[in-house]
Structures are given as C-alpha cells and as structure tokens.
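See structure below.
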C-alpha cells in the first residue's frame, strides 16, 4: 500500500499508520477487524478536504465500519434552525463518508444499534464513550483513535501494535471499592454517570478495577458510567469485576500485578459528586432539557414514556425546549411503539444523527440545561456556555414541565 | 549559534521562530482558535497570545483527541506554530502534524526534551530547529 500501487488513498492512509507507529515507538502493526469513525462529526474546511481527498482517490474501508455522529440531523436540520451554509457543508461530509463504504449509523452508541465486536477482537474505534464501552463491556480491544487515525485504520485495516491492543497494557492499575450504597440508588442511570464522573476525576488515564457494583446491570447503566468516565478523565478501559469479560475476578483484572492504590467510594462521595455535577440550584429556572447523551436507547425511551405517563397529561412548559437525542434505528423502534408521537405531543423535540456539541441545536441564548447525562453535564458549561442541573431522567422531565430545577429525594445509605 | 538542547524528534523538520513558553498543559481542541492561532482557553497561562509562526513549548498535551484535527486546520489556514516542544510525547498533535504533511505538504516539527532542557528555554528567545532535533538560540535580533 505504501508504494502507492493500490492508489493514493491507500498510500496516504498507510503512510499515516506507519509514521504514527514510528512516532509512538510501536515496532509492528496488527490487523483490525472493525472500525468506528468519529472524524465524520468534524466541521471544518480541512475535515471536508481530508475526506474528499481520500474518497476522490478511491479510498474505501477494508473492514466493516460504522459512523459516529454527523454535524446535523440529516432529515430535520432546517426545522431545527441550523444555518444553510453549515448544513450544506455537513451534508457533503456525510455523503463522502458514505462513499467510503461505511454504514451510515450516525451514532455515538454504535454498540447498541449495529456494531457488536466480539470478546478479544482487535478493532479501531473513535468516540471516547464507544471506546470505553467496547473495551470494558464487550472485551474488544481498541485504543482511543483520534481524528483522522480512525479513518486511516479503516482504510488499511492496520494499526500500530501498542496500548490496549496488548495484553500487558490491559492490566488494571487502580483498585476501586464501592461500598455502603443503598441498592435503590443504582436504579437511576444518573447514579452510574455520577460514579463514572468520579472515576474519571480520580483515575485520569489509568485502568481502574471496580468492585462492589450490582451484577445485574443494564447496557444503559454501563453506557452512562463509561461515557462520564471518558469525559472527566481519559478512561478507555474500566474493569468492572464480574461484568467485564476479562475481569471475572480481581486477580484476572490485575493480571498478576499489584494495584498502585486503593480508593473507597461510599454514599457520601457519590452524593457530593452528584451535587458537583450541577451548577444550578433547586428551583432555578430551566430553559433547555437534554436527554440522550450518549444517544437514547429503546429502553431509555421506555423510561421517558413511564415518566410522561405518570405526569397525567402535563406538557412541556412553553419556556422550555426539551431535546431528546438518538439515532435513526432507535427512533424507528420507538415510533413503532407509538412513543415518538406521544413524546412529541408532550412537547419534546426529537433529534437524530447528531448531538448538541456538534450541531447548533441549543439556542444561543440558553442559560440553564437540565440533563441526566454525566457527559453532557461535564461538557455543557464550556461548550454551550450554560449552567447545568444534573438529575434523574424523571427530574429532568419534571423540570421541562415546570420550567425550574426539580430535586427528588434519594436514599444514599444502605 | 548556541546549542541549548538536543531533542527526541517525534515529527521531523526545520523551523525558526520566537518561543512562546507555557507552564500549563493544553488541549488544542477548545484551547486554540483554528482560524487565528490564538490561545483561547481561559484557564491557560498564555490565553490571548498567538502561537502562529512561533515555537510553542508546553509541558504536555491533554484532553480531546480532536486536537489533531485542530492542528490540521491551523496548518491549512497558515496559522500553525513553527514547531512544538514538549516534555511528554504528544501523540495526538503528532498525528495532526503527520496528516497536515500528507494533506497540505506542511508538517509542524514536534520535539520532546528532558525537563532540565525544558526549564532552560527562555520565553521570547528566537530558536532554530534542525532536522535532527538540535535546538539553537539565534543571536540577538537573529
């Protein structure tokens, strides 16, 4: 490929892969069997010129490849108020990535809709939450692939053999014990996000091994935890003892090494962290609610519907914009269940393919965002310039109806 | 010209420019304006200064892996730093520099030096960097 006999796109991609292998000191390359590209979410002149250069020179993916978000809701961007020139450029980027031969999943949660790599499989994924999920829940192996390494890996089917692709680097570094927390706390996905936020803060870019969590755990709860941990920190692999396939036991997670330190997390640490995720206090006005970061799953739609049904016909306040973010496959399933109509009647705005951090769908005069996502709560103040009210899904939907921050009691202690 | 350090070359190339030296790690994503080359992270010690055409020294990179794309955009817009010097291998920026080279035939040399050499760098001094990673001080006024 390097000599260019199979075309300029292959030469370009292989040159980047080998030069990066040299830069990071990897002595060999390995094959990958799947890729998830994050670069399609970028909006800049060079991001368009990059993918056009690749595609016009015959670039095609060599392995099954899915796509992260694009910079707009490809169907409804005009009604969402996205400017014409922004929409036009993002659409050209989206078209180029389809020409590459990737599946137009347009989601940050590919593991819930389409892509399900196997245990031990070598893959190359972008998007920090997806990387953490692939490594920690599925047991597949990927580093955090930045732009545009992900694209070059998909085209060549090769990556430098280093980092989390190797056994030794997957050993846990820090031991985290969760104890004394009331079982009911774990029924809220927001609690899992809180734990993830705390792990990211404490561990940074290490590999934690977490013991003491309930073993009966849902995909959405793991998604919330890992998305938050990959936001407040750079966690790409988190061994959840009894859940992560290669961490049936502590010994297995640490691969014979000793923990560099042990951290204990109890109800008080969780409660304080939960409060730290908010900058808006109880009763403060809310003008925007964001659910679906990462993209809402079918079961998260079900939870929203349960909450809406409980509210007995209440509707979203006309001072509030409720944004529910997901991907096309989940929206299609929710529509079949009659939930999309119901949520729209409630006053929600449904958005797919994108997110508020990539697309201008949150109004520029928004001042306070309520969200059940640790990742969204972490990024919103800097990226959107807003205050945040972090809470349960139900608290967020109540905030949408009443136009202010709502807090319900949580029993933290076991 | 006085040689002040010999660096490990992560991405090679020659460069010359005034040194902008920082005490803070930086994420180019959210930290540097891709249109102008100005530092925009309010928590960064050089916020408001430009790195365009300068040798930019900072302890280490942090944060988003999208920083590579910001460096590519800086290169495209002619606002990239002349070179980057750090104490820890900046893999994300190395990627951006390599992509910039492949796409626009312009790379940004990236060098890693030991902490003592890093401390000896004087902010504002004019530096020349060789292909082999030698960092030299260009005499007063160049």
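The table that follows gives values for the structure above.
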item: Answer from B:109, B:81 - the residue that is in contact with a strand residue (DSSP E or B) (Cβ under 6 Å, 6 or more places away or on another chain), under 27 Å from residue A:38 (Cα atoms) and more than 14 Å from chain A (Cβ to nearest Cβ); result: B:81
item: Those residues of the stretch A:386-406 which are outside any strand (DSSP E or B) and more than 19 Å from residue A:319 (Cβ to Cβ), in sequence order; result: A:392, A:393, A:394
item: Residue check for residue A:105: out of contact with any strand residue (DSSP E or B) (no Cβ under 6 Å at 6 or more places or on another chain) and more than 14 Å from chain B (Cβ to nearest Cβ); result: no
item: Qualifying residue in the stretch B:35-56 (condition: within 13 Å of chain A (Cβ to nearest Cβ), in contact (Cβ under 8 Å) with a residue 12 or more places away in the chain and in a helix (DSSP H, G or I)); result: no
item: Matching residues, the stretch A:366-394, being touching a residue at least 40 places away in the same chain (Cβ under 8 Å), surrounded by fewer than 21 Cβ atoms within 10 Å (Cβ to Cβ) and out of contact with any helix residue (DSSP H, G or I) (no Cβ under 8 Å at 6 or more places or on another chain); result: A:367, A:381
item: Cross-chain or 6+ apart pairs with Cβ under 7 Å, the stretch A:11-32 first and more than 10 Å from chain B (Cβ to nearest Cβ), then surrounded by fewer than 21 Cβ atoms within 10 Å (Cβ to Cβ) and part of a helix (DSSP H, G or I); result: A:29/A:21; A:30/A:165
item: Residue check for residue A:87: away from chain B (no Cβ under 14 Å), in contact (Cβ under 8 Å) with a residue 24 or more places away in the chain and surrounded by fewer than 24 Cβ atoms within 10 Å (Cβ to Cβ); result: no
item: Matching residues in the stretch A:38-64 - criterion: being closer than 14 Å to residue A:95 by Cα, outside any helix (DSSP H, G or I) and either within 13 Å of another protein chain (Cβ to nearest Cβ) or in contact with a helix residue (DSSP H, G or I) (Cβ under 6 Å, 6 or more places away or on another chain) (or both); result: A:42, A:43, A:59
item: Hits in the stretch A:118-138 (condition: within 14 Å of another protein chain (Cβ to nearest Cβ) and either at pLDDT 95 or above or in a helix (DSSP H, G or I) (or both)); result: A:124, A:125, A:128, A:129, A:130, A:131, A:132
item: Residue in the stretch A:257-279 that is out of contact with any strand residue (DSSP E or B) (no Cβ under 6 Å at 6 or more places or on another chain), crowded, with 24+ Cβ neighbours inside 10 Å and more than 22 Å from residue A:394 (Cα to Cα) present; result: no
item: Test: residue in the stretch A:248-264 that is at pLDDT 95 or above, part of a strand (DSSP E or B) and either under 20 Å from residue A:182 (Cβ atoms) or touching a helix residue (DSSP H, G or I) at 6+ places or on another chain (Cβ under 7 Å) (or both); result: yes
item: Boolean, residue A:153 is closer than 23 Å to residue A:59 by Cα, in a helix (DSSP H, G or I) and within 12 Å of chain B (Cβ to nearest Cβ); result: yes
item: Residue within the stretch A:139-148 that is out of contact with any strand residue (DSSP E or B) (no Cβ under 7 Å at 6 or more places or on another chain), at pLDDT 95 or above and in a helix (DSSP H, G or I) present; result: no
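The values are calculated or read from the model by the stated rules, or taken from the named source; none is laboratory data. Just so we're clear, the structure is a prediction, and the values are computed from it rather than from any experiment. Note that each Cβ is placed from the backbone with ideal geometry, even for glycine, and that neighbours are counted across all protein chains shown.
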